[in-house]
Amino acid sequence: MGYQSFKRALKVDSDNFVSSSFKQQLSMDSDPPFRQTYKTLFEDTNTIENLVIAVEECELPLIDLNRLSHREPAEKRESCKAEIARASQEWGFFQVINHGISRDLLEKMRQEQVKVFKQPFHNKTKEDKFPAGSYRWGTPTATCLRQLSWSEAFHIPMTDILAGGSGSFNTTLSSTMEQFAATVAGLAQKLAEILAEKLGHKSTFFRENCLPSTCYLRMNRYPPCPIPVEVFGLMPHTDSDFLTILHQDQVGGLQLVKDGKWIAVKPNPEALIINVGDLFQAWSNDVYKSVQHRVMTNPSVERFSTAYFLCPSYDTVIHQNCTTKPSLYRKFSFIEFRQQVQEDVQKLGHKVGLPRFLLRSH
Ligand code: OGA
Ligand code: NI
């Protein structure tokens, strides 16, 4: 886009801005007040230099988990496990079908999620309505548009849901999240154990340290982003967990790095997306890859996704015990990792992650 047309577009946009902020004042809008809050970022015209180039769409490795059934011959089970391990090494990402989570449950979870995001914005920020800090939107530390995530999320420690009695979510939503998490937790354990087994260990590590109560559930909503510059729905990041299980709708927008290039994931209505997180990369001594991923915005359609993060208790120590290669990372506890990430985000404006824990600089 030329500079003049960009400025025209921005002008049109600032007219829209007036009406949208007026709507905000009436408190009828469920969208967070992105334009109002980040107004100064929109005035910085340098962003026109940062337009994102179109990326190629690809099919992630697709793995049929039916073959893990004990009714299947051993060779089939083994080849399925080998595919899971290979995808985790080469992609850090794959999708699974016949995963055992019923369509009904996935739909019910999505319906409840849509409802909770539909509320007026000012309701979602009320801390007596939702567990403190669980509702997040935008990027408070952003200093330019490229650092702003155009999305909102409820990031919920499972312990809050399983404890019940927190009284923060309505009962239908709570019980749906609980049911969803319990079912997805089984799948996460199964996949983690397969990945451990493929490193040469039958491991009870995940059973012992990643309890349903130490995991997290995250409901994401990406509102349409009708501004004439490219803004991320979710900034590029790696996940700070062992494994993530993602259920996305059909809008698309998820991208990941493969062989140094960004590629777009083609949505598959039957599949769940699995990705390796930082902790599994360290635990496997870099055999499995925690890769950068991001979400692009859509100018006209909202997008929903639900993520389940397989996490250990805070005192769990992560150290590799699975390969003969010398350790790349020093031992660290999950709480240490979390605190380091938080400190870096506050001080530098972004997560550094695993490189902080490398034994030697590589
Ligand atoms: C996340 C994430 C991707 C998506 O929540 O960590 O990467 O498609 N989500 O929403
Ligand atoms: Ni992620």
* Share of the chain's accessible area from carbon and sulfur, percent, 1.4 Å? -> 52 percent
* To do: Give the calculated FRET efficiency between Val301 and Lys126 to the nearest 0.05, with a Förster radius of 25 Å applied to their Cβ-Cβ distance.
  => 0.35
* **Spatial extent of segment 3-323: Rg and Dmax, with the Cα atoms as the point set, Å** => 20.7, 66
* Antiparallel as a % of all DSSP beta bridges within the chain, to the nearest 5? -> 90 percent
* Dividing the alpha-carbon Rg of segment 237-278 by 2.2 N^0.38 Å yields what? -> 1.20
* Shape call for segment 75-147 from the C-alpha gyration tensor, a ≥ b ≥ c root eigenvalues: rounded (a/c under 1.5), prolate (a/b greater than b/c) or oblate? -> oblate
* For segment 341-357, take each phi angle, set θ = phi - 60°, evaluate the Karplus expression 6.51 cos²θ - 1.76 cosθ + 1.60, and give the result in whole Hz per residue in order, putting x for glycine and proline. => 4, 4, 4, 5, 4, 5, 7, 9, x, 8, 7, 9, x, 4, x, 4, 10
* With labels modelled as points extended 7 Å from the Cα through the Cβ direction, what inter-label distance (nm, one decimal) is found for Gln89 paired with Gln342? -> 3.7 nm
* To do: For segment 3-323, report the accessible area per residue in Å² (1.4 Å probe, heavy atoms, rounded to an integer).
  => 45 Å²
* Take the Cα of Glu56, step 7 Å along the line toward its Cβ, and report every residue of segment 254-277 whose backbone nitrogen sits under 16 Å from that point. => 255-266
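The values are calculated or read from the model by the stated rules, or taken from the named source; none is laboratory data. Fair warning: this is a prediction, and the values are worked out from it, not measured in the lab. Glycine gets a Cβ as well: all are built from the backbone with ideal geometry, and neighbour counts include every protein chain shown. When the accessible area is computed, the model is the full protein with side chains, heavy atoms only, and any ligands, DNA or RNA have been set aside. Shrake-Rupley method; radii C 1.70, N 1.55, O 1.52, S 1.80 Å.
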